[in-house]
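Computed from the coordinates by the stated procedures, all read-outs in this text should not be read as laboratory data. What you are looking at is a predicted structure, and each value in this text was computed from that prediction instead of being measured. Here Cβ is always computed from backbone atoms with ideal geometry, including for glycine, and neighbour counts include all displayed protein chains.
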There are 2 protein chains.
Amino acid sequence: MTFQRISILGVGLLGGSIGMAAKSLINNVTIIGYGHRRQTLDKAVQFGAIDLACDDPAGAVAEADLTILCTPVGLFPQILDSIQGAVRPGSVVTDVGSTKKSIVRLAEKKLAQTAHFVGSHPMAGSEKRGVEFARPDLFQKAICITTPTRKTNPDALTAVEQFWQTLGMRIVRVDPARHDRLLADVSHLPHALASALIAMQREEGLELSGKGFLDTTRIAGGDGNLWRDIFLDNRDNLKASIARLEKQLRRLKGLLEPGKGAALSRWLEANATRREELVKRKLREIDA
Amino acid sequence: MTFQRISILGVGLLGGSIGMAAKSLINNVTIIGYGHRRQTLDKAVQFGAIDLACDDPAGAVAEADLTILCTPVGLFPQILDSIQGAVRPGSVVTDVGSTKKSIVRLAEKKLAQTAHFVGSHPMAGSEKRGVEFARPDLFQKAICITTPTRKTNPDALTAVEQFWQTLGMRIVRVDPARHDRLLADVSHLPHALASALIAMQREEGLELSGKGFLDTTRIAGGDGNLWRDIFLDNRDNLKASIARLEKQLRRLKGLLEPGKGAALSRWLEANATRREELVKRKLREIDA
């Protein structure tokens, strides 16, 4: 199954990049875009991210064989309500949400009578916002997590995974609940920490900050509403991740004593080595 | 005063880069390098970071008009003892240490009868280690903090600042104690957090980590012994910085409730905006 009419609901950086990538990589594809502001839709057409603009979700999905939810996660309930009766029977719906458990459950319920839903989380993005920063190569060599359940239609799953692969991504299948637990550690907590690290700064210190500080806080530049939705939807896991981080900080504080130099050095060195090995593994995966 | 014979004690990434930069930017300069391993010294000569290799600190500084301490901070006491009676009277000594209060006090005391000491902290570096990663452009457009005290010789201060400027750096003068307090916030805490963020991870989560995680933890890749020295020397300030970060994490946990969405969004947005403005300011400084 190759998708020929793709509807993108929400044409920001991610939705816009999907449109650009699909148009450059799939023959004869038509991209229909929905956004709640006319100005955004006009820009999406102008930048070549979509072919047709539609200012209501139901109209945007009516003819689509693939619909991709690209709005902030918090808008998914109302978007699903809008398209529930409008999606083509037998068509496929997926999403790009950074949390999966509640989204997959809700979408499976809302679309049960019409379309096939497959949860997706393409691990690509930017701290930039808006379709003006969209790029067709955003997904190249990145991971896309798919989160099938017992209810997932196998053909729809294969088709969605092939779609992301066409865009250059490597697929990893993970159960929705496990996805949320692991992403709290490797994505939501880092974002929370980067944000807290900015929040605790004094202006006089920022004057002296260097490249390391900007790198460490880069991901905190994301859209506030989008991350609010993610944090609230995944709050129990995020709280557990914060608690484990706080435990490491307590451990570190215990090592900040002259007599603990050897143990402090070992802790720092072990973490540095672990990151180095991760980088090597990621590079091998990209080359493979 | 232009330095013509420069002694670099410790020819790793930073010391090696200083040698390369000085050789490419100062006419007729001679760089003498000291390292406690012969192999490192041979590599430093081979990579063009130094002209002459010397395997004892006293010999390396005897003829120098500028000596730069580039070993890990924890070795400074023994290095200062070694060179105390060997530095040329009236010559200048500086350093690249990431902490300043205790170093400046010690160096001023040890060198009082011979050389002029000026504390420096060039804010450049890399998570890579060793002279093989040294680069002559490492200092271009970066900040160099100098930390003069009432005891600092004004001519020596000017000469050291001109030296760093020749290497491409912008000078900011800060009192040593204030330097350590501010750097705990913008440099030592980010390093500690990046390290703790790696320490708390489960292997299964790391499989799913993306570019954001690698960026956020990049600085944790540094040398364990070097950072142990920095953390221990600046432990009181670092503990205070950790405490302020923990306060922000408690605040965040309080916002992870469905009814707190608006406040959570504001917190995230304020931090994102603050970082954006910092980036703009840094870009303006670089252009200036």
Next item on the list: For chain A, set up a Gaussian network in which alpha carbons nearer than 10 Å are linked by springs, and say which option among A:M169, A:M20, A:M200 fluctuates the most.
Entry: A:M200
Next item on the list: Please name whichever of B:C144, B:A184, B:F133 sits farthest to the positive end of the charge dipole of chain B, dipole taken about the Cα centre and charges placed at Cβ: Lys and Arg +1, Asp and Glu -1.
Entry: B:A184
Check: What net charge is computed for the residues neighbouring B:R5, neighbours being all others with C-beta under 11 Å from the C-beta of B:R5, Lys and Arg scored +1, Asp and Glu -1?
Finding: -2
Note to self: With every atom except the alpha carbons ignored, what do you get for Rg and Dmax of the protein assembly as shown, in angstroms?
What the structure shows: 27.3, 89
Checklist line | Among A:I18, A:A53, A:S82 the positive-end extreme of the charge dipole of segment A:1-84 (Cβ point charges) | finding: A:I18
Checklist line | Relative contact order for chain A, counting Cα pairs under 8 Å that sit 6 or more residues apart, in percent | finding: 16 percent
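Please give the FRET efficiency for B:S24 paired with B:K128, using the beta carbon to beta carbon distance and R0 = 30 Å, rounded to the nearest 0.05.
FRET efficiency, B:S24 to B:K128: 0.90.
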Checklist line | Relative contact order, percent, segment B:5-174 [alpha-carbon distance under 8 Å, six or more residues apart] | finding: 24 percent
Note to self: Using a 7 Å offset from the Cα along the Cα-to-Cβ direction at both B:A270 and A:Q78, what is the distance between the two label points in nm, to one decimal?
What the structure shows: 2.6 nm
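Under 8 Å for C-alpha pairs, at least 6 residues apart: give me the relative contact order for segment A:146-200, rounded to a whole percent.
Numbers: 21 pairs, mean separation 21.9, N = 55.
The normalised contact order for segment A:146-200 reaches 40 percent.
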Next item on the list: Please work out the FRET efficiency for the pair A:R88 and B:Q165, using the Cβ-Cβ distance as r and a Förster radius of 60 Å; give the result to the nearest 0.05.
Entry: 0.35
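So how do B:L249, B:L226 line up by other beta-carbon neighbours within 10 Å, fewest first? If you can, show how the numbers build up before the last one.
Values: B:L249 19, B:L226 22.
By the 10 Å Cβ count, ascending, the order reads B:L249, B:L226.
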Check: If one takes the longest principal axis of the Cα atoms in chain B, at what angle in degrees, from 0 to 90 and to the nearest 10, does the Cα axis of helix B:261-287 lie?
Finding: 30 degrees
Notebook entry, point to check: Given a Förster distance of 35 angstrom, what is the FRET efficiency for A:D236 paired with A:Q39, based on the Cβ-Cβ distance and rounded to 0.05?
Noted result: 0.40
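Dipole magnitude of segment A:175-255 about its Cα centre, charges +1 at Lys/Arg Cβ and -1 at Asp/Glu Cβ only, in debye to the nearest 20?
In debye, rounded to 20, segment A:175-255 gives about 460.
Return the average number of partner chain Cβ atoms within 10 angstrom of each residue Cβ along peptide B:228-237.
4
Under unit Cβ charges (Lys, Arg +1; Asp, Glu -1), what dipole magnitude, rounded to 20 debye, does the protein assembly as shown have relative to its Cα centre?
Values: 80 positive and 64 negative charges, 255 e Å.
Roughly 1220 debye for the protein assembly as shown.
Peptide B:246-253: average number of partner chain Cβ atoms within 10 Å per residue? Could the numbers behind the result be given before it?
Details: counts 7, 3, 9, 10, 3, 3, 9, 7.
Mean shielding by partner chains, rounded to a whole number: 6.
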Next item on the list: Would you please state the base-10 log of I(q)/I(0) at q = 0.09, 0.11, 0.12, 0.17 1/Å for chain A, with intensities from the Debye formula using one equal scatterer on every alpha carbon?
Entry: -0.48, -0.69, -0.81, -1.44
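Only counting other Cβ atoms within 10 Å, I'd like A:F117, A:F76 sorted with the fewest neighbours first. Kindly include the intermediate steps, with their values, before the conclusion.
Details: A:F117 29, A:F76 23.
Arranged by neighbour count, lowest to highest, A:F117, A:F76 become A:F76, A:F117.
For the protein assembly as shown, what proportion of DSSP beta bridges, expressed in % and rounded to the nearest 5, is antiparallel? Intermediate values should be presented prior to the final figure.
Numbers: 6 of 52 bridges.
Roughly 10 percent of the DSSP beta bridges within the protein assembly as shown come out antiparallel.
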Next item on the list: Return the single residue from B:L264, B:L41, B:L206 with maximal mean-square fluctuation; model: Gaussian network over chain B, springs between Cα atoms under 10 Å.
Entry: B:L206
Margin query: I'd like the orientation of helix A:101-111 relative to chain A: the angle between its Cα long axis and the longest Cα principal axis, in ° from 0 to 90, rounded to 10.
Written below: 10 degrees
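Cut-off is 10 Å between beta-carbons; in what order do A:E127, A:E246 appear when sorted fewest neighbours first? It would help to have the intermediate numbers written out before the result.
Numbers: A:E127 21, A:E246 17.
Fewest-to-most ranking of A:E127, A:E246: A:E246, A:E127.
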Margin query: Could you sort the peptides A:94-102, B:254-262 by per-residue average Cβ neighbour count (10 Å cutoff), highest mean leading?
Written below: A:94-102, B:254-262
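First check a/c for segment A:175-255, with a ≥ b ≥ c the square roots of the eigenvalues of its C-alpha gyration tensor; if it is under 1.5, answer rounded, and if not, answer prolate when a/b is larger than b/c or oblate otherwise. Before the final figure, lay out the partial values.
Working: a/c = 2.43, a/b = 1.39, b/c = 1.75.
Judged from the Cα gyration tensor, segment A:175-255 comes out oblate (a/c at least 1.5, b/c at or above a/b).
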Notebook entry, point to check: With each label point set 7 Å from Cα along the Cα-Cβ vector, what nm distance links B:V172 and B:K247?
Noted result: 2.2 nm
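Among DSSP beta bridges lying fully in chain A, give the percent that are antiparallel, nearest 5.
On the way: 3 of 26 bridges.
About 10 percent, rounded to the nearest 5.
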Check: Once the Cα atoms of helix B:154-166 and of chain B are each reduced to a long axis, what angle between those two axes, in degrees from 0 to 90 to the nearest 10, is obtained?
Finding: 70 degrees
Item checked: DSSP bridge orientation in segment B:5-174 - percent antiparallel, rounded to nearest 5 -> 10 percent
